[in-house]
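Let me give you the structure first, and then I'll get to my questions.
The values are calculated or read from the model by the stated rules, or taken from the named source; none is laboratory data. Keep in mind that this is a model prediction, so the values were computed, not measured. Here the Cβ is made from the backbone with ideal geometry for all residues, glycine too, and neighbour counts use every protein chain on show. Heavy atoms of the whole protein, side chains included, go into the accessibility calculation; ligands, DNA and RNA do not. Shrake-Rupley method; radii C 1.70, N 1.55, O 1.52, S 1.80 Å.
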Amino acid sequence: MKLRRFLLRYYPPGLILEYTQRNAPQQKKFKEIDLLDLTAETDIEKLVTKIITQEHPLISLKKAPLLRQLLHKLQEKIKSDKGDSDFYLFKILRAHILPLTNCAFNKGGDKFITGSYDRTCKVWDTETGDELVNLEGHRNVVYAIAFNNPYGDKIITGSFDKECKLWDAETGENLHTFRGHATEIVCLSFNPSGTAVATGSMDNTARLWDVETGRCLHNLCGHKAEIVSLNFDTNGKHIVTGSFDHTVKMWDTRNGCVVRTLTGHQGEISSTQFNYASDLCISASIDRTVKIWDVTSGKPLHTLKGHTDEVLDVTFDATGTRVATASADATSRVYDVATGACASILVGHRGEISKVAFNPQGTRVLTGSSDNVARLWDVTKTEGTTTKAECVQIMEGHSDEIFSCAFNYGGDRIITGSKDNTCRIWKC
């Protein structure tokens with residue numbers, strides 16, 4: 001093996017090794033080194049030694065100076081990039097004639113997409129607010145949408161017309177139409193390498209599709225009710241699905257078989273996600289709890305309690321050390337993954353919170369609510385062993401419920417989508 005170059009990954013911290021093998025010198029391969037425990041206090045010299053020992057002979061001693069330089073760069077990023085700037089309203093876009101269903105950034109945040117009841121998905125330039133492409137062809141509501149991040153050159157749209165379409169993000173060309181579901185498609189995702197697409201439907205099944213050929217690779221059957229959430233793990237080997245049948249299932253993407261069925265919730269599942277290390281997954285339920293599951297054993301490590309109404313959304317931070325929840329009780333909570341303890345309660349909204357997100361730095365939590373505002377919370381301040389969450393900004397202006405809010409990859413832009421039929425772009 002021959003190391004070609006190092007690539008930096010800021011969120012979560014890590015290195016990507018680009019290399020070739022002797023028998024295939026033209027074929028690039030990549031290996032990721034996760035540095036989820038890297039902090040401003042980490043001893044870089046010890047870390048250099050550890051990495052070279054673990055990755056020898058791919059990383060030789062001769063590479064130590066360059067490796068040291070890159071690790072210091074990552075550490076400086078952690079020290080300087082606190083993600084604590086205020087945001088200002090940059091653009092208001094009335095994107096569609098009929099109501100919006102969803103919105104999403106590409107990795108850089110320079111483009112975003114919107115789905116609508118008008119049966120279209122639109123691609124927008126974030127800086128100018130110009131409509132770049134109008135993706136037409138669905139025969140019913142476009143409900144679920146996604147870029148193939150980090151690449152950003154393809155888009156998928158899932159519709160109530162039972163179809164998922166794959167589009168060229170630049171030209172708007174419909175590359176494939178994935179057919180096979182019996183009812184509405186309500187969730188979807190690209191795998192991390194962008195080579196496959198997963199779709200979840202109200203027909204109780206999920207399907208895995210090949211991006212290159214458009215062929216259905218696997219039909220994931222086993223749930224007894226609607227699938228409303230699905231996600232790939234970081235390496236793309238597994239999918240997690242959440243269903244109204246009160247269960248979570250993990251699937252092997254290579255053969256389409258169920259690996260684990262996670263039982264224990266007493267109500268419908270609303271949201272699921274893997275952590276970055278892919279050794280844990282989380283599930284939120286209308287039973288007012290969140291469960292953290294061990295992926296290998298399928299056992300629940302913690303049941304996160306405290307909410308007094310349905311939990312509608314849940315997410316890990318970038319390093320997988322904390323979980324944030326959104327609930328119909330008008331509060332959000334932050335929990336410690338290792339202990340399952342509630343570290344913060346975010347109180348201030350006057351209506352149910354349907355969406356929650358960490359910024360990439362893990363210093364802020366963003367919440368979107370039916371009270372027409374989004375709030376930004378500081379989750380870094382500590383008093384003793386408890387993190388005190390302070391609302392540092394209220395993003396006002398929408399005239400109806402906010403159903404979607406998200407950061408871009410760098411954490412310097414926010415998008416909010418509302419039932420008032422507008423998207424707002426916020427910058428810092």
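Just to be sure before I move on: is LEU70 touching a Phe, Trp or Tyr at 6+ places or on another chain (Cβ under 7 Å) and in a loop (DSSP other than H, G, I, E, B) in the structure I sent? Even if it seems obvious, please write down each step before you answer.
On the way: touching a Phe, Trp or Tyr at 6+ places or on another chain (Cβ under 7 Å): yes; in a loop (DSSP other than H, G, I, E, B): no.
In short, no.
Kindly indicate whether any position in segment 409-422 is on the phi > 0 side of the Ramachandran plot, open to solvent by less than 40 Å² (accessible area, probe 1.4 Å), modelled with pLDDT under 95 and among the polar types (S, T, N, Q).
yes
In segment 291-336, what count of residues is obtained for those that are hydroxyl-bearing (Ser, Thr, Tyr), part of a strand (DSSP E or B) and either surrounded by fewer than 24 Cβ atoms within 10 Å (Cβ to Cβ) or in contact (Cβ under 8 Å) with a residue 40 or more places away in the chain (or both)?
Going through segment 291-336 one residue at a time, the tally reaches 6.
Of all residues in segment 4-17, how many are within 13 Å of GLU55 (Cβ to Cβ) and either surrounded by fewer than 17 Cβ atoms within 10 Å (Cβ to Cβ) or of a type in the set (Phe, Trp, Tyr) (or both)?
Result for segment 4-17: 2.
Hey, another quick one. Does any residue in segment 263-289 that is within 14 Å of LYS305 (Cβ to Cβ) and modelled with pLDDT of 95 or more come within less than 6 Å, Cβ to Cβ, of a residue that is open to solvent by 10 Å² or more (accessible area, probe 1.4 Å) and among the aliphatic types (A, V, I, L, M) six or more places away or on a different chain, and which pairs are these?
Sorted first by the residue in segment 263-289, then by its partner, the pairs are GLY267/ILE286.
Any idea which residue in segment 341-353 is farthest from THR247 (Cα to Cα), counting only those that are touching a strand residue (DSSP E or B) at 6+ places or on another chain (Cβ under 7 Å) and open to solvent by 20 Å² or more (accessible area, probe 1.4 Å)? Working first, answer last.
So in segment 341-353, the residues touching a strand residue (DSSP E or B) at 6+ places or on another chain (Cβ under 7 Å) come out as 341-349, 351-353.
Those still in the list that are open to solvent by 20 Å² or more (accessible area, probe 1.4 Å) too: 341-343, 345, 347-348, 352.
Details: ALA341: 23, CYS342: 24, ALA343: 27, ILE345: 27, VAL347: 30, GLY348: 32, GLU352: 24 Å.
Checked segment 341-353; the qualifying residue farthest from THR247 (Cα to Cα) is GLY348.
Does ASP233 meet the test of being over 18 Å from SER201 (Cα atoms) and either in contact with a Phe, Trp or Tyr (Cβ under 9 Å, 6 or more places away or on another chain) or not polar (S, T, N, Q) (or both)?
Yes; evaluated as a whole, the condition is true for this residue.
Tally up the residues in segment 379-402 that are at pLDDT below 95 and open to solvent by less than 60 Å² (accessible area, probe 1.4 Å), please.
The total comes to 3.
I'm told VAL133 meets every condition in (1) open to solvent by 20 Å² or more (accessible area, probe 1.4 Å); (2) assigned to a strand (DSSP E or B); (3) farther than 29 Å from THR234 by Cβ except one. Can you identify the failing condition by its number?
(1)
List pairs: first in segment 218-245 and surrounded by fewer than 22 Cβ atoms within 10 Å (Cβ to Cβ), second among the acidic types (Asp, Glu) and assigned to a loop (DSSP other than H, G, I, E, B), Cβ under 7 Å, 6+ apart or cross-chain?
Cβ pairs passing all conditions: LYS224/ASP245; ALA225/ASP245; PHE244/GLU226; PHE244/GLU268.
Quick grid of which residues meet (1) open to solvent by less than 30 Å² (accessible area, probe 1.4 Å); (2) over 30 Å from ASP168 (Cα atoms):
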| site | (1), (2) |
| --- | --- |
| LYS29 | no, no |
| GLU32 | no, no |
| ILE44 | yes, yes |
| PRO57 | no, yes |
| LEU89 | no, no |
| ILE97 | no, no |
| ASN102 | no, no |
| GLY115 | yes, no |
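Looking at ALA343, is it within 25 Å of ASP81 (Cβ to Cβ), modelled with pLDDT of 95 or more, of a type outside the set (Val, Ile, Thr) and part of a strand (DSSP E or B)?
No; evaluated as a whole, the condition is false for this residue.
Considering only segment 162-203, state which residues are within 20 Å of VAL141 (Cα to Cα) and of a type in the set (A, V, I, L, M).
Scanning segment 162-203 gives LEU166, ALA169, LEU175, ALA182, ILE185, VAL186, LEU188, VAL197, ALA198, MET202.
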